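The values are calculated or read from the model by the stated rules, or taken from the named source; none is laboratory data. This structure is a prediction, so every number in the text was calculated from the model and none was measured. As a convention, Cβ positions derive from the backbone with ideal geometry for all residues, glycine included, and neighbour counts pool all protein chains shown. Side chains are part of the model used for accessible areas, which takes the heavy atoms of the whole protein and leaves out ligands, DNA and RNA. Shrake-Rupley method; radii C 1.70, N 1.55, O 1.52, S 1.80 Å.
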Amino acid sequence: MAEEVVLMKGNEAIAHAAIRIGVDGYFGYPITPQSEVLETLAEQKPWETTGMVVLQAESEVAAINMVYGGAGTGKMVMTSSSSPGVSLKQEGISYIAGAELPCLIVNVMRGGPGLGTIQPSQADYFQTTKGGGHGDYRVIALAPASVQEMADFVKLGFDLAFKYRNPAMILADGVIGQMMEKVVLPELKPRRTDKEIIEQCPWASTGCKGRKPNVITSLELDPAVMEQRNIHLQNKYAEIEANERRCEEIECEDAEYMIVAFGSCARIAQKAMEHAREEGIKVGLFRPITLWPFPAPEIAKRAKQVKGILVVELNSGQMIEDVKLAVECNIPVHHFGRLGGIVPDPDEVVDALKEKLIK
């Protein structure tokens with residue numbers, strides 16, 4: 001079953017990858033444009049093959065708290081939703097981060113605010129990277145730009161989540177979730193045994209045979225102890241920032257201008273870059289893969305060689321703030337985006353590049 005190439009949607013790739021890497025449980029609730037994750041899992045019936053639990057909860061709030069409980073036992077558990085649904089999960093995500101539990105959350109973004117539209121968007125960047133729930137916490141955020149990365153990032157997300165005992169999120173947009181591409185699915189692996197979980201997760205709530213009880217909580221009423229817990233978390237986040245930044249650079253070596261984009265916008269921006277180079281404009285593409293930790297040092301390094309940066313997003317301007325912080329106002333940084341679920345074409349990006357940077 002290894003190296004099996006199939007044609008499927010990004011949402012479907014999430015589901016198939018989860019089964020194949022040995023996920024123990026999925027708890028979700030349908031919402032466009034990510035419903036195919038739950039639908040595919042229901043169709044595949046992994047409870048009959050791998051033993052994976054698949055449950056449609058009564059609400060998004062219930063789903064994230066089921067994830068909280070499953071993660072507390074050391075199991076590989078996940079959920080998926082789209083923007084308004086992920087908003088409802090924020091309290092639970094904060095609890096999970098505070099209790100230092102590993103899990104995977106998938107957000108296939110749609111336009112807002114509020115119920116907004118079912119069309120694609122990237123307007124959940126602030127919510128994801130700045131901590132949408134309460135407290136000083138961080139979520140490891142991966143931004144796929146292809147169906148293949150939707151599949152690959154399921155394993156990567158869990159690997160990072162367990163390495164740092166921290167929630168991880170795949171932050172995709174409706175374009176990536178709904179588009180169909182060829183994908184190589186991961187090799188089928190068995191779920192971990194209870195013995196393996198106990199050995200790998202000594203912190204988990206797995207019964208008290210031969211050890212003292214493990215207490216899973218984010219609550220601490222002593223402010224001095226709570227401060228030390230927060231300091232511990234901040235030290236962990238600093239370690240993640242130092243070691244887990246990921247990005248992709250295309251045609252940046254000789255670039256005079258640079259486009260910064262993630263997700264589907266990076267695909268559009270790459271074609272825009274090719275069009276611009278055909279016109280003699282030396283443009284490079286910088287794609288953040290981890291939105292947190294944000295690859296600020298890598299952008300700052302490239303900023304020393306270019307005359308200006310265009311940040312392309314499906315929102316009114318969110319990631320641009322992190323790009324501006326990275327370059328420390330040393331060069332012009334401008335934004336181009338479309339709202340309401342409208343996806344720009346490459347020529348619009350080229351026109352924006354000329355208008356905002358090449359005058």
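Going residue by residue through the range 273-281, is there one that turns out to be in contact (Cβ under 8 Å) with a residue 24 or more places away in the chain, farther than 18 Å from Pro344 by Cα and hydrophobic (A, V, I, L, M, F, W, C)? Taking every residue of the range 273-281 in turn, at least one turns out to be in contact (Cβ under 8 Å) with a residue 24 or more places away in the chain, farther than 18 Å from Pro344 by Cα and hydrophobic (A, V, I, L, M, F, W, C). Quick check: anything in the range 107-121 surrounded by 24 or more Cβ atoms within 10 Å (Cβ to Cβ), of a type in the set (A, V, I, L, M, F, W, C), in contact with a Phe, Trp or Tyr (Cβ under 8 Å, 6 or more places away or on another chain) and not in a helix (DSSP H, G or I)? Taking every residue of the range 107-121 in turn, none turns out to be surrounded by 24 or more Cβ atoms within 10 Å (Cβ to Cβ), of a type in the set (A, V, I, L, M, F, W, C), in contact with a Phe, Trp or Tyr (Cβ under 8 Å, 6 or more places away or on another chain) and not in a helix (DSSP H, G or I). Checking each residue in the range 138-187 for being open to solvent by less than 20 Å² (accessible area, probe 1.4 Å), among the aliphatic types (A, V, I, L, M), assigned to a strand (DSSP E or B) and farther than 20 Å from Cys103 by Cβ picks out only Val183.
Screening Lys45 with (1) touching a residue at least 40 places away in the same chain (Cβ under 8 Å); (2) open to solvent by 30 Å² or more (accessible area, probe 1.4 Å); (3) of a type in the set (Lys, Arg) gives one miss only, at (1). Going through (1) outside any helix (DSSP H, G or I); (2) surrounded by fewer than 19 Cβ atoms within 10 Å (Cβ to Cβ); (3) β-branched (Val, Ile, Thr) one by one, Ile198 falls short only on (1). Pairing residues of the range 54-79 that are over 23 Å from Gly207 (Cα atoms) and open to solvent by less than 10 Å² (accessible area, probe 1.4 Å) with residues that are modelled with pLDDT of 95 or more and part of a helix (DSSP H, G or I), at Cβ distances under 8 Å and at least 6 apart in sequence or on separate chains, gives Ala57/Ala63; Ala57/Met66; Thr79/Ala63; Thr79/Ile64; Thr79/Met66; Thr79/Val67. Output the residues belonging to the range 80-106 that are surrounded by 22 or more Cβ atoms within 10 Å (Cβ to Cβ) and assigned to a loop (DSSP other than H, G, I, E, B). Passing the criteria: Ser82, Lys89, Leu101, Pro102.
Taken over the range 303-323, the criterion of being farther than 11 Å from Gly337 by Cα and not aliphatic (A, V, I, L, M) is satisfied by Lys304, Gln305, Lys307, Gly308, Glu321, Asp322. Among what's in the range 22-76 and is outside any helix (DSSP H, G or I) and of a type in the set (S, T, N, Q), pick the residue that is nearest to Asn107 (Cα to Cα). Among them, the one singled out is Gln34. For the range 164-202, a residue qualifies if it is free of Cβ contacts under 8 Å to residues at least 60 places away in the same chain and farther than 27 Å from Trp47 by Cβ, and exactly one does: Pro202.
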